[in-house]
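Heads up, the thing below is written out as structure tokens.
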Amino acid sequence: MKTQVAIIGSGPAGLLLGQLLSKAGIDNIIIEAQDKEYILGRIRAGVLEHVTTDLLRQAGAGERMDKEGLVHQGFNLYFNNRCERIDFCKLTGGKTVTVYGQTELTKDLMDVREAGTYQTIYHAKNVELHDVTTNTPFVTYQKNGEQHRVDCDFIAGCDGFHGVSRPTIPPEIRNEYEYAYPFGWLGILADVPPVDEEVVYGHHEDGFVLCSMRSKTRSRYYVQVPIDEKVEDWSEERFWNELKHRLPDELAEKVVTGPALEMSIAPLRSFVCEPMQHGSLFLAGDSAHIVPPTGAKGLNLAAGDAKRLFEGFEQFYLHNSRASLNNYSPECLDRVWKAERFSWWMTSLFHKLDDNPFSRKIQQAELEYLTGSEAGKTTIAENFVGLD
Ligand code: APR
Ligand code: PHB
């Protein structure tokens, strides 16, 4: 097989890039290790910045999001037994975010791809990247016991944190920066109305708490747990009790409980790989960087990479210039590190970091300072809606 861009991975990064290329008439194939059901079974964050909503529309997959997505203008911070609203719309001159689950966004992108001409190969096993430092790279994989080869001009490594693309960059030129947090998030998804119309981030002496939603009838809640905690040790009743315990009374009494559609623990990690390109290989999304979910930047970073990489390919194929592709890594990393900083900072501000009461006092003082100052609130707001 032959194509212009071989995309490894059919998550949001690979699908967005694939649709943008397809719309521009640039030939592409997506090679994915899993099947559709597996990909759509993963529950992830669902707060979309403008970069992501605009891109989804540009990819021709924004119709359902525009109908069903919830547009938010603010969120609430809960600490020291009180709530403070951050009106990020007002503080940023009119910017909003859209609450729409990553699962739905992925499904919409898969649907438009299936209606188009370019193919996705699911269940590709033993995917390998070859000759990535030449202008004639190729990808091999096995399917149904047969070996296949895809020749291409470029490879987009959109295969997530555990994929094969990043390790293809030789260790001597690959720098990896990582921080693993000593806690995780225990999350529940349930068909119950959300406790608040807006997202609530809470700082409690027993740990972080987050109230989010997928729709007006589906809620997503999280509580911070130690990293070695087992989900089997958490009954649904125990979860709901812990959630209410960490919320202020006026919110706790409004929590509607119901059977869990999903309950799982996610570890928190900060990670960046430099560079994000090597010869004809370009990394995008989780294959290049991970943020802890506090601030919901992961999907938006992946969308930003897909947009930037698409622009590079467009310049190459339509205007015969490699200049934009050559600048892909430094330009992405500038944006990525700013989001890494914000996600790390939000995480450090809201989570129980240790048993030392001094740490909590400092966090409380910082939250009081930030919310008491226009500049403080603006710094939270402009990072949350996404830096330009
Ligand atoms: N070969 C082919 N495909 C692979 C391989 C491989 N060796 N390894 C992984 N994949 C596939 C995975 O099965 C997955 O479908 O690559 C895809 C990567 O998708 P995601 O993990 O969703 O990563 P990405 O598209 O970058 O999306 C980033 O996901 O984790 C969240 O917070 C993150 O929301 C952000 C988004
Ligand atoms: C979610 O809805 O899953 C969510 C919302 C905000 C976050 C993280 C996750 O910061």
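Where a number appears in this text, it was derived from the coordinates with a stated rule and is not lab data. For clarity, every value in this text was computed on a predicted model and none was experimentally measured. Reconstructed Cβ throughout: ideal geometry from the backbone, glycine too, with neighbour counts over all protein chains shown.
Given a cut-off of 31 Å, name the pairs among Lys307/Lys352; Lys23/Lys90; Lys216/Lys297 whose C-alpha atoms lie farther apart than that in the structure shown. Kindly include the intermediate steps, with their values, before the conclusion.
Details: Lys307/Lys352 36 Å; Lys23/Lys90 35 Å; Lys216/Lys297 22 Å.
Those over the limit are Lys307/Lys352; Lys23/Lys90.
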Cα-based helix-to-principal-axis angle, 374-385 vs the chain, degrees rounded to 10: 40
Identify, among Leu309, Ala375, Ser359, the residue whose Cα sits farthest towards the positive end of the charge dipole of region 296-388, taking +1 on the Cβ of Lys and Arg and -1 on the Cβ of Asp and Glu, with the dipole about the Cα centre. Ser359
I'd like the orientation of helix 328-350 relative to the chain: the angle between its Cα long axis and the longest Cα principal axis, in ° from 0 to 90, rounded to 10. 20
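Under Stokes-Einstein, with the Kirkwood radius over Cα pairs standing in for Rh, what whole-number D in µm²/s applies to region 205-247 at 37 °C and 0.692 mPa s?
Values: Rh = 11.4 Å.
D, rounded to a whole number, is 289 µm²/s.
Rank these for me by crowding, Ile362, Ile121, Ile30, Ile7, going from fewest to most other beta carbons within 10 Å.
On the way: Ile362 13, Ile121 18, Ile30 26, Ile7 31.
Lowest count first: Ile362, Ile121, Ile30, Ile7.
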Considering only the other residues whose Cβ falls under 9 Å of the Cβ of Leu21, what net charge follows from Lys and Arg at +1 and Asp and Glu at -1? -1
If eta is 1.306 mPa s and T is 10 °C, what Stokes-Einstein diffusion coefficient results for region 141-248, Kirkwood Rh from Cα pairs, in µm²/s? 89
Cα-Cα P(r), region 232-295, percent of pairs per 10 Å interval: 16, 29, 23, 17, 12, 2
Per-bin percent of Cα-Cα distances, region 238-388 [5 Å]: 2, 8, 13, 14, 15, 15, 12, 8, 6, 4, 3, 1, 0
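Could you list the square roots of 5 times each eigenvalue of the Cα gyration tensor of region 1-139, that is, the equivalent ellipsoid semi-axes, sorted largest first and rounded to whole Å?
35, 16, 15
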Considering the Cα trace of region 100-151, what is its radius of gyration and what is Dmax, both in angstroms? 14.6, 40
Within the chain, longest stretch free of exposed trypsin sites (Lys or Arg not before Pro) [DSSP loop, at most 12 other beta carbons within 10 Å]: 1-215
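Averaging sequence separations of C-alpha pairs under 8 Å and six or more residues apart, then dividing by the length of the chain, give the relative contact order as a whole percent. Mind dumping the intermediate values first?
Details: 781 pairs, mean separation 78.4, N = 388.
Result for the chain is 20 percent.
Kirkwood Rh over Cα pairs of region 261-337 into Stokes-Einstein at 20 °C, 1.002 mPa s: D in µm²/s? Walk me through the numbers before you get to the answer.
Numbers: Rh = 13.5 Å.
For these conditions, the coefficient is 159 µm²/s.
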Whole-Å distance, taken between Cα centres, linking region 320-364 and region 148-172: 25
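With +1 on each Lys and Arg Cβ and -1 on each Asp and Glu Cβ, and nothing else charged, work out how big the dipole of the chain is about its Cα centre, in Debye to the nearest 20.
Value, rounded to 20: 480 debye.
What does the charge dipole of region 279-334 about its Cα centre add up to, to the nearest 20 debye, if the Cβ of each Lys and Arg holds +1 and the Cβ of each Asp and Glu holds -1?
Details: 4 positive and 6 negative charges, 4 e Å.
Dipole of region 279-334, to the nearest 20 debye: 20 debye.
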Radius of gyration and Dmax over the Cα atoms of region 77-194, both given in Å: 21.7, 61
Over what distance in Å are the Cα centres of region 87-138 and region 194-214 separated? 28
Region 250-358: GluC sites (Glu not before Pro) in DSSP coil with no more than 16 other Cβ atoms inside 10 Å: Glu253
Measuring from the longest principal axis of the C-alpha atoms of the chain, the long axis of helix 12-23 (C-alpha) lies at a number of degrees, nearest 10, equal to 50
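Just to be sure I follow: if Rg is taken over the C-alpha atoms of the chain and Rh is the Kirkwood radius over the same atoms, what is Rg/Rh?
Values: Rg = 21.3 Å, Rh = 21.7 Å.
My calculation of the ratio gives 0.98.
Which value in Å is the Kirkwood Rh of region 299-388 over different Cα pairs?
Details: mean 1/r = 0.0638 Å⁻¹.
Radius from the Kirkwood sum: 15.7 Å.
Fewest first, what order do Met1, Met213 take by the number of other Cβ atoms within 10 Å? Write out the running numbers ahead of the final one.
Details: Met1 14, Met213 24.
Fewest to most other Cβ atoms nearby, the residues stand as Met1, Met213.
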Springs between alpha-carbon pairs under 10 angstrom, Gaussian network model over the chain: which of Leu129, Leu251, Leu55 fluctuates most? Leu251
Given unit charges at Cβ for Lys, Arg (+) and Asp, Glu (-), the dipole magnitude of region 160-295 about its Cα centre in debye, nearest 20, is 460
